[in-house]
Amino acid sequence: MTEQLPFRFGAEVYTWFMNNDGQTHKGRLGHMIEVIANAQFTGIQPIHFWMGDLSDPDRLEEKLKEQGIELAAIALALDWNGTEETEQETKEANQTISLLKRFPGAILCTVQKPSGRHDLTSRRRSLVNIVNNVSRRAMEKGVPCSFHPNSPHSSITRTEEDYQVILESLDHTATGWTPDVGHIINAGMDPLEKMKEYASMINHVHYKDWNGEPEFALMGEGKVDLLGITQWLKDRDYSGWIICEDEGEKALDDPDFVTLHDGHWIKEVLLPGLK
């Protein structure tokens, strides 16, 4: 899928998690790895608390090798609502960092679970401090990091002001930025322009499509200029992962189909359009 391209394509497991808050497909990471491989993706990004018995590095490595794909990243998704990490949050972060050490180059993708836009000034400051601390611990262990903003109305990393305050306050020696093109447009911003603004921070990318009805669409059926964004990444020789995290409505009923569709769409429609 990625011949003669500087970047590689992978898939996120959130496409399966959407159904019933993860309960429907809980414990099926092995199946997801198989589907993602069948879709001709070359990498996967699981969620740290949703890996089941494949949180064991030996089992995970064996399954990945069996299917011929890599661990691109793990999403460390936590509340981080205090002024500092809770004891449990520190434990989960350190466990995830330890797991990632087994897979050199795989990224710790930090994500805050949305929980309201109250006390924005202090909570954005606390989030930055926590993400910086987690990222520095990971960096000391040789694990690269990237921060992933999201766009629900209850997120404190949603608006243009949020992006400016948070991205510019992160420790750029410890963490990069994961632009999620669907979340950016969902919050009323232009994905490519925002990516150009903070281009030096990009070390991981998430793709999803969006149509505003009310939010996300099956890849290729929305309004995100995925071709233009991919061309820009190619032109600047971006060499990281592009992770497809399809949150279209069809994923609620058939995440396997959606993942296979996305792999086919990238190979047959997106890539042939590149110059």
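The values are calculated or read from the model by the stated rules, or taken from the named source; none is laboratory data. Since the model is a prediction, treat every value here as computed from it, not as a measurement. All Cβ positions, glycine included, derive from the backbone under ideal geometry; neighbour counts span all protein chains shown.
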Open item on the list: Being farther than 25 Å from Gln40 by Cα and either acidic (Asp, Glu) or at pLDDT 95 or above (or both): is that true of Leu170 here?
Closed with: yes
- [ ] List every residue pair whose Cβ atoms lie under 8 Å apart, where the two residues are 6 or more positions apart in sequence or sit on different chains, the first residue falls within segment 262-275 and is free of Cβ contacts under 8 Å to residues at least 12 places away in the same chain and more than 16 Å from Tyr207 (Cα to Cα), and the second residue, located anywhere, is of a type in the set (Ser, Thr, Tyr) and part of a helix (DSSP H, G or I).
- [x] none
Open item on the list: Consider segment 68-87. How many of its residues are of a type outside the set (Val, Ile, Thr) and either surrounded by fewer than 17 Cβ atoms within 10 Å (Cβ to Cβ) or under 16 Å from Lys101 (Cα atoms) (or both)?
Closed with: 11
Open item on the list: Restricting to segment 230-258, give me the number of residues that are in a helix (DSSP H, G or I) and in contact with a Phe, Trp or Tyr (Cβ under 8 Å, 6 or more places away or on another chain).
Closed with: 5
TODO: Search segment 139-150 for residues being more than 30 Å from Ile185 (Cα to Cα) and not charged (D, E, K, R), and hand back the single one that is surrounded by the fewest Cβ atoms within 10 Å (Cβ to Cβ).
DONE: Gly142
Task: Pair list, Cβ < 7 Å and 6+ apart or interchain, from segment 237-251 residues that are free of Cβ contacts under 8 Å to residues at least 40 places away in the same chain to residues that are buried (at least 24 other Cβ atoms within 10 Å of the Cβ) and not in a loop (DSSP other than H, G, I, E, B) - done: Lys250/Val258
Open item on the list: Can you report the number of residues in segment 88-128 which are among the β-branched types (Val, Ile, Thr), closer than 23 Å to Ser151 by Cβ and surrounded by 16 or more Cβ atoms within 10 Å (Cβ to Cβ)?
Closed with: 4
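For His206, are the conditions met, namely being part of a loop (DSSP other than H, G, I, E, B), in contact with a helix residue (DSSP H, G or I) (Cβ under 9 Å, 6 or more places away or on another chain) and not β-branched (Val, Ile, Thr)? Lay out the reasoning, then the answer.
Values: part of a loop (DSSP other than H, G, I, E, B): no; in contact with a helix residue (DSSP H, G or I) (Cβ under 9 Å, 6 or more places away or on another chain): yes; not β-branched (Val, Ile, Thr): yes.
Here the answer is no, as His206 does not meet what is asked.
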Task: Which numbered condition Val35 fails, given (1) surrounded by 22 or more Cβ atoms within 10 Å (Cβ to Cβ); (2) more than 25 Å from Lys267 (Cβ to Cβ) - done: (2)
